[in-house]
Amino acid sequence: MKKVLSIVLCTVMLLSLFVVSTSAAAWDGTTVSTSLKGEGTADKPYLVETAADLAYLAKAAADGESFAGKYLTQTADIDLGGKEWTPIGVSGKAFSGVYDGKNFKITGLKITKAANNFVGLFGFISATADKEAGIANVNLAGEITIDALGVDAGVGGLVAWVYKDANDGFKPVSVINCTVDVDVTLTNCAKQPRVGGTFGYAFLANIENVVNNGDVSVSGTGSSRVGGLVGQTNRTHYLNCVNNGNVTTDVAAAQTARAGGITSVITRGGAKGDEANAVYTVFENCVNNGKVYTKGQTTTYAAGIAADFYANATNWAGKDIRVKFINCINNGSVTSETTNNTVYPHAGGLGGYTYGSGDEVHANGCVNTATEIKSLGGKQDRSGGMYGSVYSPNVTSAETFKIENCISVGSVKGGCFSLKDADTALATCTSDADAATIKKAVDAITAKMVPSVRKIAGFDTAYKAPVVPDPTPTPTPNPGTGDVATLLVVMAIISLAGVVVTKKVSVR
């Protein structure tokens with residue numbers, strides 16, 4: 001019996017060695033590969049097999065390699081080991097390739113320093129005039145914790161900046177089928193970073209089936225632009241995106257505080273009066289499940305989906321904001337609080353505040369299930385199940401502002417919306433929907449939320465579920481394959497089997 005137990009223990013040890021030999025080793029923070037396997041083509045993409053390979057991307061991008069027109073595929077789980085990470089790409093040295101994570105994990109991301117304006121796994125992603133770029137099927141986990149950030153950085157767990165050139169000459173960037181679980185915490189911010197659990201900035205991109213699970217918290221003396229998914233965005237299509245993280249901002253000085261479940265700020269949408277070529281920011285089948293809270297000493301904005309619609313007269317003169325919300329859901333509580341009794345705190349399940357004589361804001365089929373939509377302090381309560389405030393000299397134009405077929409629970413103080421200088425006839429919104437109506441609407445929307453099959457530059461990055469093991473027995477591996485670990489395990493099993501058979505025979 002002792003001999004049998006001894007062989008069993010040896011077998012277990014050998015099996016343990018075999019399992020360990022196939023697991024990913026944590027990155028030591030310094031090792032960088034000198035090259036990648038593969039050719040960078042769609043048929044033979046570059047292979048990212050280890051953390052050192054991923055670090056090679058960061059170094060190569062810093063050295064000026066854009067990977068434009070190149071394809072990269074992750075082949076195994078990668079552990080960054082909690083070592084300080086240098087983002088892949090910065091402005092002027094962007095990553096412009098197509099990265100497919102193949103649903104493998106990247107864990108242990110850690111960033112505590114902001115050496116420049118780009119903080120995330122990827123720092124800066126941009127397509128080119130003739131080549132698309134993007135990321136697909138990445139499952140990322142880690143943390144970003146920075147104190148006393150002194151620059152207007154883009155901060156996002158997955159990508160700091162998803163960028164389109166200023167003259168709209170580049171192709172769009174696509175980010176699809178990604179899950180991000182990165183807690184982002186910024187304290188004592190002196191400037192106004194754009195911060196999101198997944199993206200800092202996203203301009204003219206296609207973002208589909210992206211889920212944020214990380215909490216986002218920003219405090220300091222500068223203005224805040226903080227979102228569960230993205231800090232600031234424009235001309236981007238969000239499809240089937242979900243935020244599960246809580247979003248919190250606390251601005252100490254007399255600066256503007258903004259927080260949104262999906263995004264904080266939406267900026268320009270295209271040239272004024274150019275309806276034929278207008279580019280909308282679109283949120284379609286997007287869901288916020290996280291709590292949103294913002295506090296400041298001046299006007300504050302908070303919303304389940306998008307907090308504020310902001311047009312800077314200097315940078316975007318003659319430009320309008322164009323936004324569409326289609327079948328979006330807010331399930332998270334929203335609170336906007338100001339300590340200044342001369343201003344307004346705006347809070348909405350869908351949007352916080354919109355204004356501008358030429359802006360277009362349309363919502364159709366959206367649902368708010370949250371019973372807590374609150375604006376605290378200030379001159380007047382500006383809270384609503386759909387919008388906190390809509391203010392525009394021309395808001396009575398049906399083509400400028402629409403709310404159609406939207407519903408909200410009945411306990412929100414402002415009903416569906418609180419409007420200023422607006423015609424409520426433009427809105428068809430049920431402000432006291434019953435539970436059955438709410439559930440039916442939510443079920444109809446969530447049933448449409450499926451993984452994306454979008455190709456990036458023709459590269460098939462469609463989500464593929466993990467392969468379920470075949471329940472039928474598989475043949476014993478042939479020891480002649482040269483796999484030493486397998487050979488040792490097989491020999492141990494055979495030896496053990498021989499002992500058991502011998503024991504049985506001896507009993508007879």
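The values are calculated or read from the model by the stated rules, or taken from the named source; none is laboratory data. Computed from a predicted model, the values in this text were never measured in an experiment. Here the Cβ is made from the backbone with ideal geometry for all residues, glycine too, and neighbour counts use every protein chain on show. Heads up: the accessible areas ignore ligands, DNA and RNA and are worked out on the full protein's heavy atoms, side chains in. Shrake-Rupley method; radii C 1.70, N 1.55, O 1.52, S 1.80 Å.
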Fill in: Residue count for the range 80-114, restricted to those that are touching a Ser or Thr at 6+ places or on another chain (Cβ under 7 Å), of a type in the set (D, E, K, R) and either open to solvent by less than 40 Å² (accessible area, probe 1.4 Å) or within 27 Å of Glu39 (Cβ to Cβ) (or both)
2
Worksheet entry | Matching residues, the range 115-125, being closer than 15 Å to Phe199 by Cα and either among the hydrophobic types (A, V, I, L, M, F, W, C) or open to solvent by 10 Å² or more (accessible area, probe 1.4 Å) (or both) | Asn117, Phe118, Val119, Leu121, Phe122, Phe124, Ile125
